[in-house]
Amino acid sequence: MGIDDREMAKKRKDRKKQQAEEDEKRMTLGQEILQMSIYLLIVLCVTFLLIHYVGQRTRVQGDSMRPTLHDGDNLIVDKLSYRFVEPQRFDIIVFPYEHREKTYYIKRIIGLPGERVRIDQEGTIYINGEVLQEDYGAEVMISPGRAVAEITLGKDEYFVLGDNRNNSSDSRDPSVGNIHRDRIIGKAWIRIWPLSDFGFLKHQ
C-alpha cells in the first residue's frame, strides 16, 4: 500500500470516527430531549394532581378573618384531608360563594351537622342550648343576623362565622346561610405569604 493509499485509508477512518461521534452526540441530545420531556410531563401531572386533589393556593381578600388572617395573606388550602375525616368545629374552611362566580369565602366552622345554633343580642353563641366556649371573635358580636332565632343544621350542614364578626358576611347572612358539606373545598392549611407570617394555621 502506497503513501496515498494509507492517507486515503486514514481519512476514511477519521471520517467514520467523526461520523460515529456525531451520531453519538445526536443520540445523546435526543435522549436528553426525551428525558426532559418525560420530566416536564411528570411535573405537569404532579402539579395537576396537587392542585385538583391535594392543595390549592388562595389569597385572602378583606378583613373578615382578622386577627387570624389578614387581607393579602396567601394560603395553601388542604383539599385532601376531608376525603378521610369530617370537618371539625373551629376548622377554617374555604367554600364558593353561590351568588358570585369565582368568589370564595374563608370562614371558621362554629356549628356542626345536626346541632342547634343560636346567637343572642349580646353576641353569645349557643350550641344545643349551651354557651359555646371560644374566643376567636375579634370583638363582641353586634348582630346575630338570622341566628337570632335558633337554627337547626341538617345532617350535612355547617354554620360558619368570620373571626372579625362585625365585618363578616357568613352564615348569619341569608345569602350565605348554612354551608353544605359538598360545597367545602378544603381547610386552610399553611400561610405562605407574607414570609414574616409563614407557618401552619392553628384551627383548634
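Yes or no: Val176 surrounded by 14 or more Cβ atoms within 10 Å (Cβ to Cβ) and at pLDDT 95 or above? Yes. When the range 146-171 is filtered for residues that are open to solvent by 30 Å² or more (accessible area, probe 1.4 Å), without any contact (Cβ under 8 Å) to a residue 40 or more places away in the chain and in contact with a strand residue (DSSP E or B) (Cβ under 8 Å, 6 or more places away or on another chain), the ones remaining, listed by number, are Val148, Ala149, Glu150, Thr152.
Scoring Gln19 on the criteria (1) at pLDDT 70 or above; (2) under 30 Å from Ser168 (Cα atoms) leaves a single failure, condition (2). Report yes if some residue within the range 49-66 is within 30 Å of Leu195 (Cβ to Cβ), modelled with pLDDT of 90 or more and touching a Lys or Arg at 6+ places or on another chain (Cβ under 8 Å); otherwise report no. Looking for residues that are within 30 Å of Leu195 (Cβ to Cβ), modelled with pLDDT of 90 or more and touching a Lys or Arg at 6+ places or on another chain (Cβ under 8 Å), one finds at least one in the range 49-66, hence yes. The residue that is surrounded by the most Cβ atoms within 10 Å (Cβ to Cβ), among those in the range 179-200 that are among the hydrophobic types (A, V, I, L, M, F, W, C) and closer than 18 Å to His99 by Cα, is Ile179. In summary, Ser169 fulfils each of the numbered conditions (1) closer than 17 Å to Thr68 by Cα; (2) among the small types (Gly, Ala, Ser); (3) outside any loop (DSSP other than H, G, I, E, B) with the single exception of condition (3). The set of residues in the range 156-188 that are under 18 Å from the mean Cα position of the chain (by Cα) and acidic (Asp, Glu) contains only Asp182.
The values are calculated or read from the model by the stated rules, or taken from the named source; none is laboratory data. Computed from a prediction, not measured in an experiment: that's the story for all the values here. All Cβ positions, glycine included, derive from the backbone under ideal geometry; neighbour counts span all protein chains shown. Just so you know, the surface numbers come from the protein's heavy atoms only, side chains and all, with ligands and any DNA or RNA stripped out. Shrake-Rupley method; radii C 1.70, N 1.55, O 1.52, S 1.80 Å.
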